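K.L.:
Encoded as structure tokens, here's the structure I'll be asking about.
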Amino acid sequence: MPGSLNDILPEPVSEESEKIILELLKRKMAACAGIAVELLRAMEVRFGSEVREVLRDMAENQEFEPRSGAGEPRADLKGFCDMVEQMAVGSHQWQRVIDEPGQIGYNYSRCMYAEIFRELGEPELGWVICARDAPWIKSYNPKLGFKRTKTLMEGDDICDHTIFVES
């Protein structure tokens, strides 16, 4: 299953070394996430439940600057997915379940963000990261679309991502 550090390292590392590296990565990510959780909870104590409403609004209304030079949608679909796969190495594990010229689909079975925010008891805060997927894809090329029906963050066994060229 893709996602091993050995997919990108110039020299392979042992399974034991990879496990140590990934645990260090997860601890560092958890420390940053922990600060965000503390901040959210402190703001909630001070300002009340409206803080959660602001969080939900933020998740639902995220926008990105459009990428200059969006190209042919099928080529951009492939380029976007190649970039995401490189970025996800180590923190995610996935299987590409659809590989067609106008559509690429993934089943993610591991996401460190979901693990961390669920362990911290704040998957709603972690959802802000998940909610970025659709607007990020649109900013890459406005002719690309995104569909997801399950998320690890919300307790499902997989995140199912489908990125496609809109007709």
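K.L.:
Please check: in the Gaussian network model of the chain (C-alpha springs, under 10 Å), which one of Arg110, Arg132, Arg67 has the largest mean-square fluctuation.
P.N.:
Most flexible of the set in this elastic network: Arg67.
K.L.:
Multiply the residue separation of Gln86 and Lys150 by 0.36 nm, subtract the distance between their alpha-carbon atoms, and state the gained length in nm to one decimal.
P.N.:
20.8 nm
K.L.:
For labels at Val45 and Glu119 in the simple 7 Å Cα→Cβ model, what's the distance in nm?
P.N.:
Placing both labels 7 Å beyond Cα along the Cβ direction yields 2.4 nm.
K.L.:
Share of antiparallel DSSP beta bridges in region 5-165, in percent to the nearest 5?
P.N.:
95
K.L.:
Number of Lys-Lys pairs in the chain under 20 Å by Cα, sequence gap 8 or more or different chains?
P.N.:
On the way: Lys19/Lys28; Lys78/Lys138; Lys78/Lys143; Lys78/Lys147; Lys138/Lys147; Lys138/Lys150.
The number of close lysine pairs in the chain is 6.
K.L.:
For the chain, with only Lys/Arg (+1) and Asp/Glu (-1) charged at the beta-carbon, what is the dipole magnitude about the Cα centre, in debye rounded to 20? Each step should come with its number before you reach the end.
P.N.:
Details: 20 positive and 30 negative charges, 41 e Å.
In total the dipole reaches around 200 debye.
K.L.:
Residue by residue through region 70-86, what is 3J(HN,Hα) from phi via Karplus (6.51 cos²θ - 1.76 cosθ + 1.60, θ = phi - 60°)? Round to whole Hz and write x for glycine and proline.
P.N.:
Each residue's phi maps through the Karplus curve to give 4, x, 4, x, 5, 5, 5, 4, 5, x, 5, 5, 4, 5, 5, 4, 5 Hz.
K.L.:
What do you get for GluC sites (Glu not before Pro) in region 108-157 restricted to DSSP loop and a cutoff of at most 16 other Cβ within 10 Å of the site's Cβ?
P.N.:
Qualifying residues, ordered by number: Glu154.
K.L.:
If I histogram all Cα-Cα distances within region 15-167 using bins 10 Å wide from 0, what percent of pairs lands in each bin?
P.N.:
10, 34, 34, 18, 3, 0
Where a number appears in this text, it was derived from the coordinates with a stated rule and is not lab data. Here the structure is a predicted model, which means the values were calculated and not measured. Note: ideal-geometry Cβ built from the backbone for every residue, glycine included; neighbour counts use all protein chains shown.
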